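A short worksheet on the structure shown next.
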Amino acid sequence: MHDLRSWLQEVERLGSLKRVRGADANLEIGIITELNCRRKGPALLFDSIPGFPQGRRILTGTILDAPRLGLTLGHRGADSSEELVARLEGKQFPAPKWHEHDGGNYIGTGCVVMTKDPDSGRVNIGCYRVMVQDEKSVTVQISSAHHGAINLKKYRDRNEPAPVAVSFGHHPIYLVIGGIGVPYRVSEYAYLGAMLGEPVPVVCGKVTGLPIPADSEFAIEGFCPPNQFRSEGPFGEFTGYYGSGEEQEPVLEVKAVYFRNDPINLGAPPGRPPHDYSYMYSLIRSVMVKESLVKDGLPDVRGVWFHEVSGVNFFAVVSIKQRFPGHA
């Protein structure tokens with residue numbers, strides 16, 4: 001909505017517009033307006049005002065309640081003051097404590113984190129966990145061998161803040177792309193575009209310039225200062241146990257937040273398998289290993305499967321056509 005008339009059409013659809021004909025401009029319009037405001041009444045459109053040409057109108061009482069003020073601010077469907085406050089205040093995104101002994105509340109479990117190699121400019125997408133620290137900062141936990149951690153370390157070595165963006169709600173394909181281990185020299189955006197057969201739509205963050213999925217439900221961006229860390233964890237791991245305790249992890253100072261109306265956070269917390277995304281990892285890793293075995297010349301590979309119950313790491317089955325007893 002960019003003008004008053006389109007706003008009026010929306011308000012009329014809400015049943016919150018009343019037309020008043022014949023009210024006098026001398027005090028009467030003013031008194032009716034005052035009484036209507038006290039009653040938190042509808043928006044009033046005064047027409048047929050005595051002494052003035054037909055069609056010269058006055059509108060009052062536009063933003064007297066939550067639905068109309070919410071509509072004006074871009075938040076359709078806010079039915080109460082409490083709901084409107086919740087939509088507008090800073091603490092509006094739920095961040096659950098997923099497991100009993102977790103060290104904090106994790107807003108990012110099914111999220112994807114965008115970082116950049118400062119040497120090549122190549123953007124990496126990875127699935128890493130994000131824990132809430134306070135209203136304007138989170139910690140990002142990335143194992144040191146992962147591409148995102150390598151990028152952050154390069155900035156630390158330069159004593160420069162590292163740009164980081166995080167998408168929290170998106171198509172589940174991003175979970176697949178962020179977790180399958182695309183080679184470091186290849187951008188996950190390029191890999192995903194090849195899978196889809198078309199470029200991936202993105203928007204560039206106004207603060208970091210990093211590309212963020214254009215269809216993300218909500219996202220944040222900011223910088224990790226080179227020498228700023230805070231306590232993070234423990235967090236329930238994909239094995240169903242706590243693999244590590246409380247550690248010092250990089251702080252992401254949030255500089256901007258972007259979100260759709262009524263945003264949906266994609267949660268994918270790890271747990272004892274089979275659990276949420278373990279099936280996806282079973283499928284992808286089975287395909288990758290089978291392709292590798294065939295490429296390396298192993299004949300007669302019939303099938304490969306990584307079992308979910310082993311955390312998709314510790315138990316893989318390979319079936320081949322046996323050429324002699326005991327052939328494996």
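The values are calculated or read from the model by the stated rules, or taken from the named source; none is laboratory data. Predicted, not measured: the structure shown is a model, and the values here were computed from it. So basically every Cβ, Gly included, is an ideal-geometry build from the backbone, and we count neighbours across all protein chains shown. For accessibility, only protein heavy atoms count, side chains too; no ligands or nucleic acids. Shrake-Rupley method; radii C 1.70, N 1.55, O 1.52, S 1.80 Å.
Let's see how each residue does on (1) among the aromatic types (Phe, Trp, Tyr); (2) at pLDDT 90 or above; (3) closer than 29 Å to ALA165 by Cβ; (4) part of a helix (DSSP H, G or I):
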{"residue": "SER244", "(1), (2), (3), (4)": "no, no, yes, no"}
{"residue": "GLU253", "(1), (2), (3), (4)": "no, yes, yes, no"}
{"residue": "PRO269", "(1), (2), (3), (4)": "no, no, yes, no"}
{"residue": "ILE284", "(1), (2), (3), (4)": "no, no, yes, yes"}
{"residue": "MET288", "(1), (2), (3), (4)": "no, no, yes, yes"}
{"residue": "VAL312", "(1), (2), (3), (4)": "no, no, yes, no"}
{"residue": "GLN322", "(1), (2), (3), (4)": "no, no, no, no"}
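Could you give every pair whose Cβ atoms fall below 6 Å, whose first residue belongs to the stretch 126-146 and is more than 20 Å from LYS97 (Cβ to Cβ), and whose second residue is aromatic (Phe, Trp, Tyr), counting only separations of at least 6 or pairs across chains?
Qualifying pairs under 6 Å: ILE142/TYR128.
I'd like to verify a number: residues in the stretch 210-238 that are among the hydroxyl-bearing types (Ser, Thr, Tyr) and under 17 Å from ILE142 (Cα atoms), how many?
1
Rundown of residues vs (1) charged (D, E, K, R); (2) open to solvent by less than 30 Å² (accessible area, probe 1.4 Å), yes/no style:
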| residue | (1), (2) |
| --- | --- |
| GLU12 | yes, no |
| LYS18 | yes, no |
| ILE32 | no, no |
| ALA43 | no, yes |
| GLY55 | no, no |
| LEU59 | no, no |
| ARG68 | yes, yes |
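Give the stretch 39-96 a look and list any residue that's among the basic types (Lys, Arg) and modelled with pLDDT under 85, or say none.
Those that are among the basic types (Lys, Arg) and modelled with pLDDT under 85: ARG76, ARG87, LYS91.
Can you pull out every residue in the stretch 124-153 that is outside any strand (DSSP E or B) and either among the small types (Gly, Ala, Ser) or surrounded by fewer than 16 Cβ atoms within 10 Å (Cβ to Cβ) (or both)?
Keep residues of the stretch 124-153 that are outside any strand (DSSP E or B), which gives 127-128, 135-136, 142-153.
Across the stretch 124-153, the qualifying residues are GLU135, LYS136, SER143, SER144, ALA145, GLY148, ALA149, ILE150, LYS153.
Enumerate the pairs (first residue in the stretch 217-228 and on the phi > 0 side of the Ramachandran plot and part of a loop (DSSP other than H, G, I, E, B); second residue anywhere and among the aromatic types (Phe, Trp, Tyr) and surrounded by fewer than 19 Cβ atoms within 10 Å (Cβ to Cβ)) with beta-carbon separation below 6 Å, excluding pairs fewer than 6 apart on the same chain, so at least 6 apart or on different chains.
Correct list of pairs: empty, since none qualify.
Quickly run through the stretch 199-239 and pick out the residues that are surrounded by fewer than 16 Cβ atoms within 10 Å (Cβ to Cβ) and touching a helix residue (DSSP H, G or I) at 6+ places or on another chain (Cβ under 6 Å).
Hit for the stretch 199-239 is PRO199, nothing else.
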